[in-house]
1. Would you list which aspartates and glutamates come within 13 Å of residue 118, measuring only between C-alpha atoms, while excluding same-chain residues fewer than 8 positions from it?
2. Normalise the Debye intensity by I(0) for the chain, one equal point scatterer per Cα, no solvent, then take log10 at q = 0.12, 0.16, 0.18 Å⁻¹ and round to two decimals.
3. Rounded to two decimals, what is Rg over Rh for region 69-136 when you use alpha-carbon atoms and the Kirkwood radius?
4. Can you grab the distance from the C-alpha centre of region 76-90 to the C-alpha centre of region 27-42, Å, no decimals?
5. Report, to the nearest whole %, how much of the accessible area of the chain belongs to carbon and sulfur atoms, 1.4 Å probe, protein only.
6. Measure nothing but the geometry: give the 0 to 90° angle between the long axis through the Cα atoms of 46-68 and the longest principal axis through the Cα atoms of the chain, rounded to 10°.
7. Straight-line reach from residue 111: which lysines have Cα under 25 Å away, leaving out those fewer than 8 places along the same chain?
8. Report, to the nearest 10°, how far helix 107-120 tilts away from the longest principal axis of the Cα atoms in the chain, using its own Cα long axis and a range of 0 to 90°.
Amino acid sequence: MPIRMKRKSYGPLTIASDQENRFTITTQNGHSHAAGFGDSDEFSAPSDLIMSALGSCLAISLEMAAAQQKVRLGAMNITVDGEKASTLPNRFGSFNVQITLPDFQDRGAAKSLIKAAKEMCTVSNTLNAEVHLTLT
């Protein structure tokens, strides 16, 4: 018997060009940021945005998993990097996510919480790439 999930929709989010090679992304809540291609201090590249989405989703899911277990994580630092696939089409082939929990000393519990977070993270479950998680 399949498990049924409560339906949830996301968006809309709009992307509008305001300059050549630069776009403004605005969420339904009015949050906005700039995106484009190339190296710039003024905007994020789409590859940065997807890695940001992965890292922030895992952080939120980790907090949710900790709350379910009634534990406090304290400070958290997450670093995400990705590797492009070696075959076409252009895409990420894998992501490496390093999670540091300097205030949480129970490494066994931390690993369990990280596993639970990955299972509930909408972004990691959506990506068609390997996601390697490391507790540091």
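The values are calculated or read from the model by the stated rules, or taken from the named source; none is laboratory data. Just so it is clear, the model here is predicted, and its values are computed rather than measured. Don't worry about glycine lacking a Cβ; one is built from the backbone with ideal geometry, like all the others, and counts go over all protein chains shown. Calculation scope for accessible area: heavy atoms of the full protein, side chains included, ligands and nucleic acids excluded. Shrake-Rupley method; radii C 1.70, N 1.55, O 1.52, S 1.80 Å.
1. Excluding near neighbours in sequence, the set is 63, 130.
2. Listed by q, the Debye log ratios stand at -0.60, -0.99, -1.14.
3. On the way: Rg = 13.8 Å, Rh = 13.2 Å.
Rg divided by Rh gives 1.04.
4. Rounded to whole Å, the Cα centres lie 20 Å apart.
5. Working: 4990 of 9820 Å².
Exposed carbon and sulfur together represent 51 percent of the surface.
6. Around 30 degrees separate the two axes.
7. Filter leaves 70.
8. 50
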